[in-house]
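No value in this document is a laboratory result; all are computed from the given coordinates. This structure is a prediction, so every number in the text was calculated from the model and none was measured. Because the Cβ atoms are built from the backbone with ideal geometry, glycine has one as well, and the counts that use them run over all protein chains shown.
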Amino acid sequence: KFIAIAGVILPLTPRDQVIPGLDLTPYKFWMAVVAVSAISYASYLLKKFVFPEAGLFLTGVLGGLYSSTATTFSLAGKTKTANYPPGLTASAILIATAMMYLRILALAFLFNAPLGKKLLLPFLALSLVMAAISIFFYFQNRDKEAKHGEPITENQPNPLEFRTALLFAFLFVFFAALTHYVLQFYGSSGLSALSFIVGVTDIDPFLLGLFQGKQAFAEHLVVMATIQATISNNFLKAVYGVALGATAIRRYLWIGFGAVIALSFIILILI
């Protein structure tokens with residue numbers, strides 16, 4: 001399937017603009033599909049074939065490359081339905097978000113290296129802080145929660161289902177067009193508001209539209225929009241985890257996500 005997506009469909013996609021005035025071509029949005037699918041598929045293969053019996057922490061690492069939101073949604077619920085240990089599960093959820101920052105960095109460098117350089121220090125700082133909190137919770141709870149062994153987590157769904165790729169392509173086009181018209185009519189304040197709003201969805205299509213676009217505004221606004229999108233996405237994951245998870249997991253999630261959200265706002269003030 002990946003060969004079909006990357007080796008067959010991509011070379012055949014046209015490079016002409018589909019919407020006048022909008023820097024968007026079928027080749028660009030399918031290239032975005034290929035890039036995200038490649039990272040997700042690598043995570044899927046590692047989990048299925050290399051680490052089929054991965055514990056919670058490694059599942060969080062691989063899940064963050066796949067989708068930190070989906071990982072949060074899945075693991076938090078298991079603390080109620082399958083009695084997953086709350087401290088170790090929280091550690092896995094938080095390390096998934098640490099990996100999210102590295103995934104976004106990789107995509108930024110792939111599509112817009114100058115932008116990637118501007119995001120490098122902020123996102124490394126955010127990733128390291130979240131990873132440090134996650135590792136602290138892991139060692140704090142490992143001995144008392146893993147007495148009977150960690151649960152073996154389920155495999156991720158295959159990210160190369162064609163309808164998944166089509167949905168991503170649709171969202172990419174939708175957010176690229178929406179961003180274009182928001183900027184046209186509302187300027188930078190509109191982009192700022194939009195970046196917070198899209199955090200309640202899959203942020204990758206929105207961010208890749210920003211990374212690939214020939215923007216008519218300052219590059220630092222793209223950096224700010226990227227950080228703002230991760231802020232609202234992290235808040236959403238905290239709410240997901242608290243709502244779906246056992247009572248004992250809530251403290252860990254509020255501390256972890258609260259710290260990284262606070263640091264994100266500090267970075268926004270400083271840049």
Per the rule of 0.36 nm per residue minus the C-alpha distance, extending Ala82 to Phe136 adds in nm 17.1 nm
For the table Lys48/Lys237; Lys48/Lys78; Lys78/Lys237; Lys78/Lys144, the rows whose alpha-carbon distance is greater than 22 Å are Lys48/Lys237
How much length would be gained if the chain were fully extended between Gln17 and Leu120, taking 0.36 nm per residue of separation minus their Cα-Cα distance, in nm to one decimal?
34.0 nm
Quick calc, Lys48 & Ile271: beta-carbon distance into FRET formula, R0 35 Å, rounding 0.05, result 0.35
Take the alpha-carbon centre of region 225-245, take the same for region 99-141, and report the distance between them in whole Å.
16
Mind listing the long-range amide H neighbours of Leu24? Cut-off is under 5 Å, sequence gap 5 or more, other chains count too, H placed in the peptide plane at 1.01 Å from N.
Val18, Ile19
Can you compute the label reach from Phe170? Point 7 Å from Cα along the Cβ direction, backbone N cut-off under 20 Å, restricted to region 25-48.
25-37
